[in-house]
Amino acid sequence: MKVRAILLGLVMAGLSAGAAAADPIVIKFSHVVATDTPKGKAAEKFKELAEQYTNGAVKVEVYANSTLYKDKEEMEALQLGAVQMLAPSLAKFGPLGVREFEAFDLPYMFDGYTALHKVTKGEVGQKLMAKLEPRGIKGLAYWDNGFKSLSANTPIRSPEDLKGKKMRIQSSKVIEEQMRELKALPQVMAFSETYQALQTGVVDGTENPHSNLYTQKMHEVQKHMTLTDHGYLGYAVITNKKFWDGLPAEVRSQLEKAMAESTDYANEIAKAENDKALEAVRASGKTEIYTPTEAERKAFIKALLPVHKKMESRVGAATIKSIYEATGFDPASF
Ligand code: LMR
């Protein structure tokens, strides 16, 4: 299907480009989460601002919840020009050949948004973003989601509790190694397929920032969740470079302004949205939420820190070092 659907998209885009000059420039913005999440809300904010700042010269069509493309297809669609904008998580760039982003997946790499922003709002973040360009992709911004919790149908108090569990993961080799370190069995799966896989027992558990867990109703099929905060999940907003460079300069600068403001918005609401989702999960009574003790937290850190060293060859020792330097993280202090 996929290639046919993408080709059809291209034909449609070609037809609209050939229509009257006054036709708006259409930006299809595809993503895989619900509208009521940090990314979903920020995409809507970008639409609103982009259309306003360009006086309607640009029309943004946001397709949420994998309604247009799923994880893997959306990357292909962007490169082919069938969609113009995406915001995949930083864990999903490996298949494109940009492995350095997986450094963001390293467990316990960031001890909160402040540390994270030293990277995403700084020079290191810019350098990593530039790695997309040889792939025909322009990185426009980093958007936050949040810190992940582990969930399953059995309690998770210690790393040993994950042993032998089939865990759904995103397509990141770093996350795969993280799960292997816990002796779990990682299974890469599209986000859109996760709920059903949990419900039917194809996988036993997963990891999510709370807004993703809640809006996909995964808490309804996961009896236990532990607030491990063991890793970060956030996004690179990307566009097709040829499309972007081909825009009239005035339109592009208005879109840059809209993007800068929606980025501030995304990063301002991310924490509150995740806190709100956690409270909603709690209120649902369907999932027991466990806060690890200090000793339990240390046991997870101890079990997972070796992933940093092991993944040097994957994401680059220099990339890891540059992040440590930007945030002040010192693995030896644990
Ligand atoms: C996931 O696949 O779990 C996330 O990347 C989904 C998303 O876009 O937040």
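The values are calculated or read from the model by the stated rules, or taken from the named source; none is laboratory data. Just so we're clear, the structure is a prediction, and the values are computed from it rather than from any experiment. Because the Cβ atoms are built from the backbone with ideal geometry, glycine has one as well, and the counts that use them run over all protein chains shown. We work out accessible area using only protein heavy atoms, side chains counted, and drop any ligands, DNA or RNA first. Shrake-Rupley method; radii C 1.70, N 1.55, O 1.52, S 1.80 Å.
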Item to complete: Using the 2.2 N^0.38 Å rule of thumb for compact globular proteins, work out how the chain stacks up: its C-alpha Rg over that value, please.
Response: 0.99
Discussion item. Modelling each spin label as a point 7 Å along the Cα-to-Cβ direction, I'd like the LYS321/GLU220 distance in nm, to one decimal.
Written reply: 5.0 nm
Worksheet item: Which lysines does LYS165 reach when only Cα atoms under 19 Å apart count, and residues fewer than 8 places away in its own chain are ignored?
Response: LYS148, LYS173, LYS183, LYS223
Discussion item. Could you sort LYS286, LYS148 by their accessible area in this structure, using a 1.4 Å probe and putting the largest first?
Written reply: LYS286, LYS148
Worksheet item: Share of the chain's accessible area from carbon and sulfur, percent, 1.4 Å?
Response: 53 percent
Worksheet item: In nm, to one decimal, how far is the modelled label at GLU288 from the one at LYS72, with both set 7 Å along Cα→Cβ?
Response: 3.7 nm
Worksheet item: If r is the Cβ-Cβ distance from GLU160 to ALA260 and R0 is 41 Å, what FRET efficiency results, to the nearest 0.05?
Response: 0.35
Worksheet item: Treating the beta-carbon of each Lys and Arg as +1 and of each Asp and Glu as -1, no other charges, what is the dipole magnitude of the chain about its Cα centre, to the nearest 20 debye?
Response: 780 debye
Practice prompt. Roll a 1.4 Å probe over the protein chains and send me the accessible area per residue for the stretch 23-323 in Å².
Written response: 40 Å²
Response to the item:
Rounded to the nearest 10 Å², the 1.4 Å probe accessible area of LYS118 is 110 Å²
Worksheet, complete the sentence: Calculated from DSSP helices alone, with each H run of at least 4 adding -39500 (n - 2.57) and the total divided by the residues of the chain, [θ]222 nm to the nearest 500 comes to -14000 deg cm²/dmol
Fill in: Debye intensity ratio in log₁₀ form over the Cα atoms of the stretch 42-187, taken at each q of 0.15 Å⁻¹
-0.94
